[in-house]
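Readers should treat all values here as calculations from the given coordinates under stated rules, not as data from a laboratory. These figures come from a predicted structure and were not determined experimentally. As a convention, Cβ positions derive from the backbone with ideal geometry for all residues, glycine included, and neighbour counts pool all protein chains shown.
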Amino acid sequence: MAAFGFHDGTLEFHLKEGEFRLPDIEVAAVFAVLYIMYALGALFWGYLLTYKMEKEDVSVLLGFVILTTAFLFVGPAPFLPIPPYLWIVYMTQGAIGFGGAAVVVGSFSMALKKAIERGFPDSLWTYATVCGFLFSAITIGSSIAPLLSRYATENIRYENAAVIMLAALTVW
């Protein structure tokens, strides 16, 4: 997912050499919040979509709303009249993990249902094929995003690069 890949290339630099000057262990804690919330969010959205809601498009939309809101505050965006606070970074990382889980789980569930609706068998082969295509797309996004985000951060600062990611998520 490009939203996670954005941080792989930029957030460590922003936390260690930018405003905060954090030690390695605290930088690791910031990343841990993102991935712990992703894991918990995947369980939450999986349960919700399986047993309660069955509206994958709502999950994906909600995930993108959460992601775009988080990217607005992670820098924070230069046009917001708030200074960067570490607690905001932690909160936005949790939101990015939770929102990213909504997008991924909702997308997988929606793609699987569409494949079966279009005549593919409800079998392990279909599940594996859909999973393979989805995670190939996620891997490509996660591979390209760190390169582009690091380039943007070095040239226009982290806050502005986060706004570009916000715009990309909004358009998407």
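Table for the structure above
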{"item": "Between helix 24-47 and the chain: long-axis angle, C-alpha atoms, 0 to 90°, nearest 10", "result": "20 degrees"}
{"item": "Chymotrypsin sites (Phe, Trp or Tyr not before Pro) lying in DSSP loop within the range 1-94, provided at most 13 other Cβ fall within 10 Å", "result": "F79, Y85"}
{"item": "C-alpha long axis of helix 124-156 to longest principal axis of the chain, angle in °", "result": "20 degrees"}
{"item": "Label zone at E19 (point 7 Å along Cα-to-Cβ), backbone N below 15 Å, the range 130-172", "result": "157-163"}
{"item": "Dipole magnitude of the range 2-171, debye to nearest 20 (Cβ charges: Lys/Arg +1, Asp/Glu -1, about Cα centre)", "result": "300 debye"}
{"item": "With Cα atoms, 0 to 90° folded angle of helix 56-74 axis to the chain main axis", "result": "10 degrees"}
{"item": "Reported label for calculated P(r) over Cα pairs in 5 Å bins from 0, in percent given [x] 1, 9, 16, 21, 19, 13, 9, 6, 3, 2, 1; [y] 1, 7, 13, 15, 14, 11, 9, 8, 7, 6, 4, 3, 1, 1, 0, 0; [z] 1, 7, 13, 16, 17, 15, 12, 9, 5, 3, 1, 0", "result": "[x]"}
{"item": "³J(HN,Hα) computed for each position of the range 105-119 - Karplus, 6.51 cos²θ - 1.76 cosθ + 1.60, integer Hz, glycine/proline x", "result": "5, x, 5, 4, 4, 5, 5, 5, 5, 5, 4, 5, 4, 8, x"}
{"item": "Packing-based ranking, highest mean first, of 99-112, 122-135 given that Cβ atoms within 10 Å are counted", "result": "99-112, 122-135"}
{"item": "Between the range 66-87 and the range 32-62, the alpha-carbon center distance in angstrom", "result": "23 Å"}
